[in-house]
Amino acid sequence: MFLDSHHLNIISRIFQSGVDLFCFLMGDSGLGDLIGDIYLINRKCDLGLGKLIIISTITFTLGLIGFAYSHIVLISVLFIFFTGLGMMIELVGSNTLLQIIVDDNKRAV
């Protein structure tokens, strides 16, 4: 997750809230991560993984930009969810694609 304790001060200034909203936003990002993982687990084949990585990178970027400019809590929660979703699909999808492309004898044991 990209939220850490340094962001608590920023969140408290923008939303006039404390640790409870910060924890809720972190949990919402984690929920997006979890749903992204479940989606990738249920994929049957690796076709289209490159396109999915591009889409998830755009989703992550737009979610992060939207969260940065949002001053409404509910919209920020939605942006954080999609940021977590896009981040996890991009990271795991990139790693999966790399493992598929590389020959078996070049992988670490």
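Residue-wise test of (1) part of a loop (DSSP other than H, G, I, E, B); (2) modelled with pLDDT of 90 or more; (3) more than 20 Å from Leu74 (Cβ to Cβ).
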| position | (1), (2), (3) |
| --- | --- |
| Asp4 | yes, no, yes |
| Phe24 | no, no, no |
| Asp37 | no, yes, yes |
| Leu40 | no, yes, yes |
| Lys44 | yes, no, yes |
| Gly50 | no, yes, yes |
| Ile54 | no, yes, yes |
Within the stretch 78-109, the residues that are under 18 Å from the mean Cα position of the chain (by Cα) and surrounded by fewer than 18 Cβ atoms within 10 Å (Cβ to Cβ) are Leu78, Leu91, Ser94, Asn95, Thr96, Leu97
State yes or no: is Gly30 closer than 30 Å to Ile100 by Cα, small (Gly, Ala, Ser), in contact with a Gly (Cβ under 8 Å, 6 or more places away or on another chain) and surrounded by 17 or more Cβ atoms within 10 Å (Cβ to Cβ)?
no
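Among the listed residues Leu49, Leu64, which satisfies the condition of being in contact with a Lys or Arg (Cβ under 9 Å, 6 or more places away or on another chain) and crowded, with 16+ Cβ neighbours inside 10 Å?
Going through Leu49, Leu64 in turn, just one is in contact with a Lys or Arg (Cβ under 9 Å, 6 or more places away or on another chain) and crowded, with 16+ Cβ neighbours inside 10 Å: Leu49.
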Determine, yes or no, whether Gly36 is surrounded by 11 or more Cβ atoms within 10 Å (Cβ to Cβ) and in contact with a Leu (Cβ under 7 Å, 6 or more places away or on another chain).
yes
What are the residue pairs meeting all of these: first residue in the stretch 26-53, first residue more than 16 Å from Leu64 (Cα to Cα), second residue exposed (fewer than 13 other Cβ atoms within 10 Å of the Cβ) and β-branched (Val, Ile, Thr), Cβ atoms under 7 Å, and 6 or more apart or on different chains?
Asp46/Ile100
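The values are calculated or read from the model by the stated rules, or taken from the named source; none is laboratory data. In this text the structure is predicted, and so the values were computed from the model without any measurement. Heads up, the Cβs are rebuilt from the backbone with ideal geometry, glycines too, and the neighbour counts pull from every protein chain shown.
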